[in-house]
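This report refers to the structure that appears directly beneath it.
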Amino acid sequence: MVSSYRHYYFIPQLTVLSYGQAPPVTPAAFVEKASAVLDERDTELLGMLGIGPVPRDAERSGCGFVDGLRDWETALRLHLARLRAAALGRDAGALPPAPAVPVSAAEAAARAMAAETPLEGEGIIDRARWNAVEALQGGELFHRRTVFAYLVKLMILERQAGFTADAGFSQYSSLYGSVLERAGKTATEAASGGEADDRN
């Protein structure tokens, strides 16, 4: 977790983030600041966080927050791939099975595919992602999960800030254009490795 007593001073300094607002700081700037109060292990975990496709060679981190987020992102893309294949009349049986959990990832994929516009679909996914991050964070304020969640939320806000109608269409199309190919190469679970980190 955040090292020593310093998290009691660091976390209260963080401004409250609300979905849809302009990001108060860039993710990169936050990582630089947080790294000054994180121990070596947590700094390493901070670098594993991200939104979007999970690297195919990614191993389990042993951290509940990191692995939970990766599981959510992977499940989202597997569900999107199967839904997209069905919409195109392709055989979804050749794709990896989409896990039933997290349920919110499956629901987000279905709602995004039914969206009237690409930008609306992106918003549906990002809102569901935000809610998933909050669920992973839990209710304990003075915990490293608070720092991890803050970074991912900044990533979501930065992504939204870059959207215009055209950019939204481009990024949404890129996601669905690559999701079938990516899903065929992505395992439903990252390879296991390392000891579990019970601090989550």
For this session: With the checklist (1) touching a residue at least 40 places away in the same chain (Cβ under 8 Å); (2) in a helix (DSSP H, G or I); (3) farther than 19 Å from Leu157 by Cβ in hand, flag the one item Phe142 doesn't pass.
Result: (2)
Exercise. What do you reckon, is Thr26 over 20 Å from Ala110 (Cα atoms) and without any contact (Cβ under 8 Å) to a residue 60 or more places away in the chain?
Worked result: no
Exercise. For the range 83-122, what are the residues that are within 17 Å of Val133 (Cβ to Cβ) and surrounded by fewer than 16 Cβ atoms within 10 Å (Cβ to Cβ)?
Worked result: Val101, Val103, Glu107
Exercise. Looking at the range 133-187, which of the residues that are modelled with pLDDT of 90 or more and of a type in the set (Ser, Thr, Tyr) is surrounded by the most Cβ atoms within 10 Å (Cβ to Cβ)?
Worked result: Tyr150
Exercise. Quick one: is Gly64 out of contact with any helix residue (DSSP H, G or I) (no Cβ under 7 Å at 6 or more places or on another chain), of a type outside the set (Phe, Trp, Tyr) and surrounded by 14 or more Cβ atoms within 10 Å (Cβ to Cβ)?
Worked result: yes
Seminar exercise, completed: Within the range 32-47, the count of residues that are under 22 Å from Gln160 (Cβ atoms) and surrounded by 17 or more Cβ atoms within 10 Å (Cβ to Cβ) comes to 2
Exercise. Taking only pairs six or more apart or across chains, which ones have beta-carbon atoms under 8 Å, a first residue in the range 43-70 that is over 17 Å from Met155 (Cα atoms) and aliphatic (A, V, I, L, M), and a second residue that is at pLDDT 95 or above and in a helix (DSSP H, G or I)?
Worked result: Ala58/Arg70
Problem set entry | Filtered residue count, the range 93-137, keeping only those that are of a type in the set (Asp, Glu) and under 18 Å from Arg82 (Cα atoms) | 2
Problem set entry | Selected residue (only one of Leu80, Leu69 is surrounded by 23 or more Cβ atoms within 10 Å (Cβ to Cβ) and more than 15 Å from Leu136 (Cα to Cα)) | Leu80
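The values are calculated or read from the model by the stated rules, or taken from the named source; none is laboratory data. All values reported here derive from a predicted model rather than from experimental measurement. No Cβ is skipped: glycine too gets one built from the backbone with ideal geometry, and neighbour counts run over all protein chains shown.
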